[in-house]
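What follows is a short report on a single structure.
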Amino acid sequence: MKLLVLQDWNPRYGGAERYTQALCSALQDAGDEVRLLTANVSNEARAVADHLAPASDRLLAKGLLQIHNPFAAAAVRRAVRTFRPNAALVNMFALYLSPAAVDALGEVPYALLVSDYKCICPVGHRLLPDLSVCRNRAGIACLRQGCTPPLHWLRDQWRYRRIRAVVENAAVVFSTSDALRDMLAEQGIQSRRLYLFSNLPDDVPQRNPDTAPRLLYLGRLDVEKGVDLLLRAFSICLRSVPTCRLHIVGRGERREALERLADSLDLQGSVRFLGWREGERIDRELSESWALVAPSLWPEPFGLVALEAIFRGVPAIVPDAGGFAQTVEHGVTGLHFRTGDVSDLANALIAVSTGAAFPRGCLDPTAVDRALDRFGPQRHVSTLRSVLHEIARFDRQR
């Protein structure tokens, strides 16, 4: 089968982009012919894409192109004309490609993989200004709650009608966790749960935990990721475990503010901001850490980073809401803490750092094997291929 994959590409390369690269490779290994179309906003995108759609990160241009990106639509039409796909898989499209790119598929049937909240939330993370989780439908509530300013809100009225049409016209809608599926259902969108997957590299380093307890954050430095919460919890942890260290790997708009917060909490000698790392350097950080900490304030749609740790034998400390609560088994492959609760997160950090839980960050190999079976590529790719082949076959029979 010929499959065209459409996805935005975040310049702050993260879990969604890693998943898509792994998926394209897995589908090709399974015998499908796959082409990736994405926006030309980063070197990573230009290196991996088969088809590039012009886009922009300039504020005004980006705001207009999010409503209708004619350049992305033209790129999709060219890909359809030259590649002649039997079906398409659409992942994130609202940031750069716009609904116009999906409309340009024409008669090509597509499955929509919802792996974030953008189709039901203009700010994308379902957090209100007070950082509580929003349950409102996108619309007037976004203005009343102060999530979007008036001009932004006016622009989004037409945009969200078109986004909703993309959802409604999909042959099937997948969601990446029960939590996301339930939240979509609250907004009137029925979906089928399909867990994402992670690959375990062939050359992953052997576990070599540091002699002193070391914790690791790996991800974007954005407000919804809760790194502020982590720093405050870590300052409490240090009172009980003065030798503990925290490494923060990632990039984002809040780095300077987070560094100032760390200074104000007197954490200079205990916290290191390492910037972005890739490949072997991330594997090395994981191999030497006692636990990965994901302090997210938003209900993560899935939480791929926890699996990447668990597959390497590293426990994950995660909130008890969203996708993390499903990917991490409390007391077996990691610990849950009450979402947004500094004291509860601090207790989890102390439990790992003192060896009360998972001494020196070691997971039971049988627990790792169970996670690999549940969240590895085989089950995911088999299900996805079956559905995509079915919608392509149904379209030919019409």
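Read the figures in this text as sums done on the coordinates, not as results from a lab. Bear in mind that the values here come from a model prediction, so they are computed numbers and not experimental data. Reconstructed Cβ throughout: ideal geometry from the backbone, glycine too, with neighbour counts over all protein chains shown.
The distance linking segment 72-151 with segment 9-35 is 19 Å (Cα centroid to Cα centroid, whole angstrom). A protection proxy built from the mean count of other Cβ atoms within 10 Å ranks the segments 227-236, 255-264, 351-360, most packed first, as 227-236, 351-360, 255-264.
Selection among A233, C24, L297 by position relative to the dipole of the chain gives C24 as farthest towards the positive end (Cβ unit charges, Cα centre). Expressed as a rounded percentage, what relative contact order does the chain have, with Cα pairs under 8 Å and six or more residues apart? Once divided by the residue count of the chain, the mean separation gives 15 percent. Here K2 is the anchor, and the aspartates and glutamates within straight C-alpha reach of less than 18 Å, apart from those fewer than 8 places off in the same chain, are D29, D32, E33, D50, E107, E390, D395. With the largest listed first and rounded to whole Å, the semi-axes of the equivalent ellipsoid of segment 143-250 from the Cα gyration tensor are 39, 23, 13. Taking only the alpha carbons of the chain, we obtain Rg and Dmax values of 21.2, 68 Å in that order.
Note on segment 214-375: with charges restricted to the Cβ of Lys and Arg (+1) and Asp and Glu (-1), its dipole about the Cα centre is near 340 debye.
The C-alpha atoms of the chain define a longest principal axis, and helix 365-375 lies at about 20 degrees to it. Every helix of 4 or more DSSP H residues in the chain counts as -39500 (n - 2.57), and over all residues that averages to -13000 deg cm²/dmol at 222 nm. When the alpha carbon gyration tensor of segment 240-398 is reduced to an equivalent ellipsoid, its three semi-axes come out at 34, 19, 15 angstrom, largest first. Partners of K62 within straight-line reach, counting lysines whose Cα lies under 27 Å from its Cα and excluding those fewer than 8 residues away in the same chain: K118, K225.
A simple charge model with +1 on the Cβ of Lys and Arg, -1 on the Cβ of Asp and Glu and nothing else charged puts the dipole of the chain at about 1100 debye relative to its Cα centre. Taking the charge dipole of segment 101-146 about its Cα centre, with +1 at Lys and Arg Cβ atoms and -1 at Asp and Glu Cβ atoms, the residue from V123, G106, G146 reaching farthest to the positive side is G146. Within segment 25-95, all pairs of alpha-carbon atoms sorted by distance into 5 Å bins from zero give the percentages 3, 14, 24, 25, 18, 9, 4, 2, 0. Give me the distance between the Cα centres of segment 295-340 and segment 215-282, rounded to whole Å. Using only Cα atoms, the two centres lie 17 Å from each other.
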